[in-house]
Amino acid sequence: MPERHYSREELQAILARAIERQAKSAGSDGLSHAQLLETAHEVGLSPAEVAAAVAEVDRGRARDALTAELLQQRRHRLRSHVATYLAVNAGLWGIDWATAAMGVNAQGGWHWVVAAAWGVALLLQVLRGVLADPATLARDAERWEARRQRKLQKQQMKRAIEGAVTDVVTTSTAALTRLLDPNRAPRRSGRRRDRQDDQSP
């Protein structure tokens, strides 16, 4: 009888089910790293393969968290943009209606041009920013994180330079003060000698 072979999907389902059964028997919701290595050894996986798989899972979690953070920020900006859009266009509609009522603007309706053009830009922001496909969001999140890290590095470098400049200025000021006041130290030593003479019998 030929040996049975399993597909990749079947293998993943079997391993996931086996790990789930082992976790339940151990009375926990998951496995520790040592238990994971033990389970992998039982199915013939090397520790190096397990470590590589763990690293991939960690990178995936970090990427998903970064994408979720970027998406949350974009949604916040979108809500602010929509509020601004509604408030400004309401004001423009009021101005349009008032000028038409006074006869200044005979035809009226010009505010719809602004609303339509701005609405197209707002729609593009929704499609490209919030409703983009997951792959595009992941790439945008990576670029966004890279820009954030560069900005953080620039801020750290700026603080380091400012600290170094402050130290140099402080040291130079102290040295210049000593050079401009050469009698400062002798007077101090002279007072010390006077105190010693007063204390001597």
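The values are calculated or read from the model by the stated rules, or taken from the named source; none is laboratory data. All values reported here derive from a predicted model rather than from experimental measurement. Here Cβ is always computed from backbone atoms with ideal geometry, including for glycine, and neighbour counts include all displayed protein chains.
Structure data summary
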read-out	value
Residue 45 vs. criteria surrounded by 14 or more Cβ atoms within 10 Å (Cβ to Cβ), on the phi < 0 side of the Ramachandran plot and in contact with a Ser or Thr (Cβ under 9 Å, 6 or more places away or on another chain)	yes
Number of the condition not met by residue 48 [criteria: (1) modelled with pLDDT of 80 or more; (2) in a loop (DSSP other than H, G, I, E, B); (3) of a type in the set (Gly, Ala, Ser)]	(2)
Odd one out for residue 194, checked against (1) more than 39 Å from the chain's Cα centre (by Cα); (2) at pLDDT 85 or above; (3) not basic (Lys, Arg)	(2)
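The rows are residues; the columns are (1) modelled with pLDDT of 85 or more; (2) surrounded by fewer than 13 Cβ atoms within 10 Å (Cβ to Cβ); (3) under 30 Å from residue 138 (Cα atoms).
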| position | (1), (2), (3) |
| --- | --- |
| 1 | no, yes, no |
| 9 | no, yes, yes |
| 27 | no, yes, no |
| 33 | no, yes, yes |
| 69 | yes, no, yes |
| 87 | yes, yes, no |
